[in-house]
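K.L.:
Below is one structure. I have some questions about it.
Read the figures in this text as sums done on the coordinates, not as results from a lab. In this text, all values refer to a predicted model and were calculated from it rather than measured experimentally. All Cβ positions, glycine included, derive from the backbone under ideal geometry; neighbour counts span all protein chains shown.
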Amino acid sequence: MKIISLNVGRPRLVMSKGEAVSTGIFKKPVEGRVMLRTLNLDGDRQADLTVHGGPTKAVYAYPVEHYEFWRAELPEMELPYGIFGENLTVEGLDESVNIGDAFRIGEAEVMVTEPRMPCYKLGIRFGRADIIRRFLQSRRTGFYFSVLREGEVGAGDEVKALARASHGVTIADIVRLYAFDKRDAETLRRALEVEALPESWKEYFREQLKKAEP
């Protein structure tokens, strides 16, 4: 497991449907060592902090293995690392990671917190609105890390497992409960017991559980 590309970007104004929109989704690979802090990487910022960023979404990771799928799906597009808005293009990690799994990357330590849910700004980045639906349906969402210990990271760094959460609730489970199997009461209950899952998700799942229970 390792970092293939480290990508950062600051918010910029782009035109969407005749209106100027501020977005930080335009990330580009950078060389050298970059400090990973509690809220983001140095040189990286989020535009709308009501839905992006914060301690549970400090850094976004996307599996490099998914790029092959998307190149087959979108052969007409160039897909450079960072196009999904990810900070870390990672090898050897995917949506089978558990919420709460911890890893060391370079000098930093991070913990898996939640999947990435696509918003309209992904459509802006790709220049096509259908990518939002296709992204979610693919279940290739990537995932966010919180930062347990700040430190420098860089492309080529090994990703070392520190702790595997015992509950077995994965990123894939959260995506499935959100978009595909909203009435799986058993897994909803398990997800609600996961300490590392952000409270916003738990609020949503409590409402789903009310609908799922007889």
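K.L.:
Ignoring everything except DSSP H segments at least 4 long, calculate the 222 nm mean residue ellipticity for the chain; use -39,500 (n - 2.57) per segment, divide by total residues, nearest 500.
P.N.:
Using -39500 (n - 2.57) per qualifying helix, the result is -7500 deg cm²/dmol.
K.L.:
Rg(Cα) of segment 64-214 divided by 2.2 N^0.38 Å? Each step should come with its number before you reach the end.
P.N.:
Working: Rg = 16.3 Å, N = 151, 2.2 N^0.38 = 14.8 Å.
Ratio of Cα Rg to 2.2 N^0.38 Å: 1.10.
K.L.:
Could you tell me how many cubic angstrom of Cα convex hull volume segment 154-214 has per residue? Mind showing how you got there, number by number?
P.N.:
Working: hull volume 6.7 nm³, N = 61.
Output value, Cα hull per residue: 109 Å³.
K.L.:
Please compute the length gained on full extension between Phe180 and Arg206, using 0.36 nm multiplied by the number of residues separating them and subtracting their Cα-Cα distance.
P.N.:
7.7 nm
K.L.:
Next question, about the same structure. In debye to the nearest 20, how big a dipole does segment 2-180 give about its Cα centre with +1 on each Lys and Arg Cβ and -1 on each Asp and Glu Cβ?
P.N.:
480 debye
K.L.:
What's the lysine pair count for the chain at a Cα cut-off below 20 Å, pairs eight or more apart or interchain?
P.N.:
So the count works out to 17.
K.L.:
Remind me, relative contact order of segment 2-180 in percent, using alpha carbon pairs under 8 angstrom and six or more residues apart?
P.N.:
Answer for segment 2-180 is 29 percent.
K.L.:
Continuing with this model, one more query. Tell me whether segment 8-140 comes out rounded, prolate or oblate; compute the Cα gyration tensor, take square roots of the eigenvalues as a ≥ b ≥ c, and use a/c under 1.5 as the rounded threshold.
P.N.:
The shape class here is oblate.
K.L.:
Can you tell me which of 173-180, 75-82, 106-113, 124-131 comes out highest on packing, and rank the rest after it, using the mean Cβ neighbours within 10 Å?
P.N.:
106-113, 173-180, 124-131, 75-82
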